[in-house]
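To start, the structure itself, in structure tokens.
The values are calculated or read from the model by the stated rules, or taken from the named source; none is laboratory data. A quick note: this is a predicted structure, and the numbers were derived from the prediction, not measured. All Cβ positions, glycine included, derive from the backbone under ideal geometry; neighbour counts span all protein chains shown. All accessible areas refer to the heavy atoms of the entire protein, side chains included, with ligands and DNA or RNA removed. Shrake-Rupley method; radii C 1.70, N 1.55, O 1.52, S 1.80 Å.
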Amino acid sequence: MSASSAFNDEKGGSSSVGEPEYGHDPASGGIFSSDYKRHDDLKEMLDSNKDSLKLEAMKRIVAMIARGKNASDLFPAVVKNVACKNIEDPNQLIRASALRVLSSIRVTIIVPIMMLAIKEAASDMSPYVRKTAAHAIPKLYSLDPEQKDQLIEVIEKLLADKTTLVAGSVVMAFEEVCPERIDLIHKNYRKLCNLLIDVEEWGQVVIINMLTRYARTQFLNPNINESLLEEGGSGDKTFYGSDEDEDEDEEEKEKKAEVAAMAKRKPYVMDPDHRLLLRNTKPLLQSRNAAVVMAVAQLYFHLAPKAEVGVIAKALVRLLRSHSEVQYVVLQNVATMSIKRRGMFEPYLKSFYIRSTDPTQIKVLKLEVLTNLANETNISTILREFQTYIKSMDKDFVAATIQAIGRCATNISEVRDTCLNGLVQLLSNRDELVVAESVVVIKKLLQMQPEKHSDIIKHMAKLTDNIQVPMARASILWLIGEYCEHVPKIAPDVLRKMAKSFTNEEDIVKLQIINLAAKLYLTNSKQTKLKKSQINMSHSESIFK
């Protein structure tokens, strides 16, 4: 049936195009044959060069859909006429909007049309339309991953674009579609570095993150000598040493020594392209966008020489004046950075002091940073600050402070005794959480040098008369039982006292009393066993009831 006959049918009152004639049974095969033949006629009309035919076809399709007829196979032809017409519009905003709408339609049948539209838009005279094409690439890739090779060709073309408007969007498309194709970045690397300062903020974030990954794989580590020395074992050994360290092959040690010697003989010289990246990103530390500052900080932390990394500290501290969400992200990164680059943040120690208005999660992160920055020089100042935190009404924060004191005592031996004495004083606190945390930290510290702290264990033993918190009483009894050999005279007396009050104690305390009795029986049976003349059966039964 031709287009003209379709019009004649409509004028003569016969069945309309795309609908089964009245009197025909849909089950007789019309749905599977005649409908689709009529749809072919509609497709011819939509493909016609005459707007009048296209308009008539669109009207009939709308009529079909209104009557509940299936017109899904006409969808690509309709999209082509609606969207593609606008894609060729003289107005760049209309062209970009048409492409945006087309790429947002999640139907695989129009993938060829989308691909054609993206390719055309990638060559558009307007940078705004080319930017929209870059945004459409990941959408098409997620809809049909088999188009990857063609999309990579478009990405390669757009990466060569010299306008700042396109740069961020095409790098985002590159990262989502083909991040492994580092070769596409090689010839565009310098251009991206030079454009970076003028790209819009969120584009800067994407580009900086991509260039960080690129530079870490393509350039030498500027702190290679330092890394080799660390690997060579020149630093202090960890407290918990492993047998593998002692059994290390002599051959392996010789290799490390040889590599370290080579590093000393050949001083590191920075690649000019590496320097270009550092130079062009440094001004962005002044950006008003916290995400840009964080991206540059990450880049400098991984790629800058040790002597130059310090510039990011001031920028990160500036971000601590922002709202709490930004503070939280910044402090998480500072906490990580301060483990390896402690000296970088030391001049800003007071910036990490805790305010009463800070949320608990911010307080805990600041505590972690302060603990990482603690050294022999500033530990007294930090401990004085911690002393004020312990008086806080926020019990979770107080518990975190106690843990921080324990970490400081573990890392800095000069203040270990001071910290222990301060923690012992907290055992008389009325709050169960504070006492429990204190005992746990004291337990860890005592495990390092128990023989030197028998006085503290004796003091804790005396506190059993005053401390009524079950968790604290049980923890103290555990400590006395664990180190009963260091307090041979005190431990049996504590057991005798506890035996008298056994029936009135909580279950958790009763278990530790029995635990203490068992350990003393094994290590000090002479003072633990009762003489036969002293055994009172009824008394014994009441104790172990």
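Among residues of region 132-147 being of a type outside the set (Asp, Glu) and over 28 Å from the mean Cα position of the chain (by Cα), the one that is surrounded by the most Cβ atoms within 10 Å (Cβ to Cβ) is Ala133. In region 517-534, is there at least one residue being of a type outside the set (A, V, I, L, M), modelled with pLDDT of 80 or more and closer than 22 Å to Leu423 by Cα? Within region 517-534, none of the residues are of a type outside the set (A, V, I, L, M), modelled with pLDDT of 80 or more and closer than 22 Å to Leu423 by Cα. Picking from residues in region 417-433 that are of a type outside the set (A, V, I, L, M) and in a helix (DSSP H, G or I), the one that is surrounded by the most Cβ atoms within 10 Å (Cβ to Cβ) is Cys419.
The set of residues from region 355-375 being in a helix (DSSP H, G or I) and hydrophobic (A, V, I, L, M, F, W, C) comprises Ile362, Val364, Leu365, Leu367, Val369, Leu370, Leu373. Number of residues in region 502-516 that are in contact with a helix residue (DSSP H, G or I) (Cβ under 8 Å, 6 or more places away or on another chain) and either β-branched (Val, Ile, Thr) or modelled with pLDDT under 65 (or both): the value is 4. Just to be sure before I move on: is Ala215 under 18 Å from Val129 (Cα atoms) and either in contact with a helix residue (DSSP H, G or I) (Cβ under 9 Å, 6 or more places away or on another chain) or open to solvent by less than 10 Å² (accessible area, probe 1.4 Å) (or both) in the structure I sent? The answer is no for Ala215.
Among the residues of region 472-526, which ones are among the β-branched types (Val, Ile, Thr) and over 25 Å from Glu437 (Cα atoms)? If the condition is that a residue be among the β-branched types (Val, Ile, Thr) and over 25 Å from Glu437 (Cα atoms), then Thr503, Thr523 are the ones that fit. Number of residues in region 386-411 that are open to solvent by 60 Å² or more (accessible area, probe 1.4 Å) and assigned to a loop (DSSP other than H, G, I, E, B): the value is 2.
Answer yes if at least one residue in region 306-316 is of a type outside the set (Asp, Glu), open to solvent by 20 Å² or more (accessible area, probe 1.4 Å) and closer than 18 Å to Thr410 by Cα, and no otherwise. There is no residue in region 306-316 that is of a type outside the set (Asp, Glu), open to solvent by 20 Å² or more (accessible area, probe 1.4 Å) and closer than 18 Å to Thr410 by Cα. A count restricted to region 265-279 and to residues that are of a type outside the set (Lys, Arg) and open to solvent by 30 Å² or more (accessible area, probe 1.4 Å) stands at 7.
Say we look at region 395-445 and pick out the residues that are more than 23 Å from Arg473 (Cβ to Cβ) and small (Gly, Ala, Ser); which of these is farthest from the chain's Cα centre (by Cα)? Among those residues, the one meeting the criterion is Ser413.
Within region 320-338, residues that are closer than 19 Å to Lys350 by Cβ have Cβ atoms under 7 Å from residues that are of a type in the set (Asp, Glu) in these pairs: Ala335/Glu368, counting only partners at least 6 apart in sequence or on another chain. Filtering Glu437, Glu414 for residues that are part of a helix (DSSP H, G or I), surrounded by 14 or more Cβ atoms within 10 Å (Cβ to Cβ) and either modelled with pLDDT of 80 or more or of a type in the set (Ser, Thr, Tyr) (or both) leaves a single hit, Glu437. Among what's in region 149-205 and is hydrophobic (A, V, I, L, M, F, W, C) and open to solvent by 40 Å² or more (accessible area, probe 1.4 Å), pick the residue that is nearest to Leu278 (Cα to Cα). That would be Ile197.
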